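Undergrad: One structure, pasted below without further comment.
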Amino acid sequence: MPKQISLSSAENVIHAAGHAALIDAPLNRHLTISWYVAGLPGRVHDAQRDVLQKASKWLAYHGVTPAYVWAVENGPVLQYHTHIAIHVPQPLAGRFRTMVDRWVKSVGGNPHLCGAVKMTRDKYSRTDYHESIRDLLRYMLKGSEHRAAQLLGIEPNYEKAGLVQGKRCGTSQNLGPKARLESSLIH
């Protein structure tokens with residue numbers, strides 16, 4: 001059954017983004033992959049999982065802590081697509097973007113179709129990470145349940161977020177609830 005983003009799921013993503021900054025892996029890139037445009041509308045969660053696993057391995061190989069949050073939408077333009085806020089240091093950004101195309105291709109998609117893959121550096125550029133990530137997360141979490149959106153100061157847009165089967169949003173393991181709890185016990 002299609003669902004909206006729950007309050008607990010939205011809060012998890014928000015807390016994860018804050019934790020990313022604490023572990024020196026601020027989410028400084030906004031990656032959007034349109035699975036529909038790339039030709040993979042029926043395998044969204046499988047393709048996304050595979051691409052994020054490859055991205056994590058690639059980043060770790062380059063000495064970077066893999067850190068990301070994501071939200072799946074099914075809007076009228078890009079149809080099924082994923083927004084990913086991810087940590088990619090500037091010196092690796094160009095090579096990472098090239099690799100994203102390879103990873104999308106490896107799961108059966110065509111990343112070269114117009115609008116299939118897009119990556120920007122902190123679209124909401126400001127000097128304050130927290131302001132910047134807050135605005136990006138408000139955009140990514142626009143599919144939140146009405147009450148959750150109201151509590152979190154998010155302007156819901158159910159037409160753009162669309163209806164999605166399965167999980168709507170999530171985080172890398174190192175930004176999840178268990179990792180955050182373990183980190184708080186250490187500090």
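Undergrad: Taking the condition buried (at least 17 other Cβ atoms within 10 Å of the Cβ), of a type outside the set (A, V, I, L, M, F, W, C) and either over 17 Å from residue 79 (Cβ atoms) or touching a Phe, Trp or Tyr at 6+ places or on another chain (Cβ under 8 Å) (or both), does residue 29 pass?
TA: Details: buried (at least 17 other Cβ atoms within 10 Å of the Cβ): yes; of a type outside the set (A, V, I, L, M, F, W, C): yes; either over 17 Å from residue 79 (Cβ atoms) or touching a Phe, Trp or Tyr at 6+ places or on another chain (Cβ under 8 Å) (or both): yes.
Here the answer is yes, as residue 29 does meet what is asked.
Undergrad: Which of the residues spanning region 58-85 are part of a strand (DSSP E or B), of a type outside the set (A, V, I, L, M, F, W, C) and within 24 Å of residue 129 (Cα to Cα)?
TA: Across region 58-85, the qualifying residues are 68, 82, 83.
Undergrad: Now for a different question. Condition first: in contact with a helix residue (DSSP H, G or I) (Cβ under 8 Å, 6 or more places away or on another chain), surrounded by fewer than 22 Cβ atoms within 10 Å (Cβ to Cβ) and among the polar types (S, T, N, Q). Now tell me which residues in region 136-151 satisfy that.
TA: Within region 136-151, none qualify.
Undergrad: Could you check region 79-106 and list, in sequence order, the residues that are of a type in the set (Val, Ile, Thr), farther than 23 Å from residue 16 by Cα and surrounded by 20 or more Cβ atoms within 10 Å (Cβ to Cβ)?
TA: As a first pass, look at region 79-106 and keep what is of a type in the set (Val, Ile, Thr): 82, 84, 86, 88, 98, 100, 104.
The next check asks that each one be farther than 23 Å from residue 16 by Cα; those that pass are 98, 104.
Hit for region 79-106 is 104, nothing else.
Undergrad: From 38, 55, 60, 71, grab the single residue that is more than 21 Å from residue 136 (Cα to Cα) and touching a residue at least 12 places away in the same chain (Cβ under 8 Å).
TA: Exactly one of 38, 55, 60, 71 is more than 21 Å from residue 136 (Cα to Cα) and touching a residue at least 12 places away in the same chain (Cβ under 8 Å), namely 38.
Undergrad: Which one is surrounded by the fewest Cβ atoms within 10 Å (Cβ to Cβ), of the residues in region 161-187 that are modelled with pLDDT under 90 and of a type in the set (S, T, N, Q)?
TA: Top of the filtered list is 184.
Undergrad: Could you go through region 148-165 and let me know if any residue there is assigned to a loop (DSSP other than H, G, I, E, B) and within 20 Å of residue 64 (Cβ to Cβ).
TA: no
Undergrad: Related question: Going through region 94-140 one residue at a time, which ones are modelled with pLDDT of 90 or more, in contact with a strand residue (DSSP E or B) (Cβ under 7 Å, 6 or more places away or on another chain) and assigned to a loop (DSSP other than H, G, I, E, B)?
TA: Once the filter is applied, which keeps residues that are modelled with pLDDT of 90 or more, in contact with a strand residue (DSSP E or B) (Cβ under 7 Å, 6 or more places away or on another chain) and assigned to a loop (DSSP other than H, G, I, E, B), region 94-140 yields 111, 115, 116.
Undergrad: Hey, another quick one. From 49, 95, grab the single residue that is basic (Lys, Arg) and over 19 Å from residue 169 (Cα atoms).
TA: Only one candidate passes the filter, namely 95.
The values are calculated or read from the model by the stated rules, or taken from the named source; none is laboratory data. These numbers come from a predicted model, not from an experiment. Note that each Cβ is placed from the backbone with ideal geometry, even for glycine, and that neighbours are counted across all protein chains shown.
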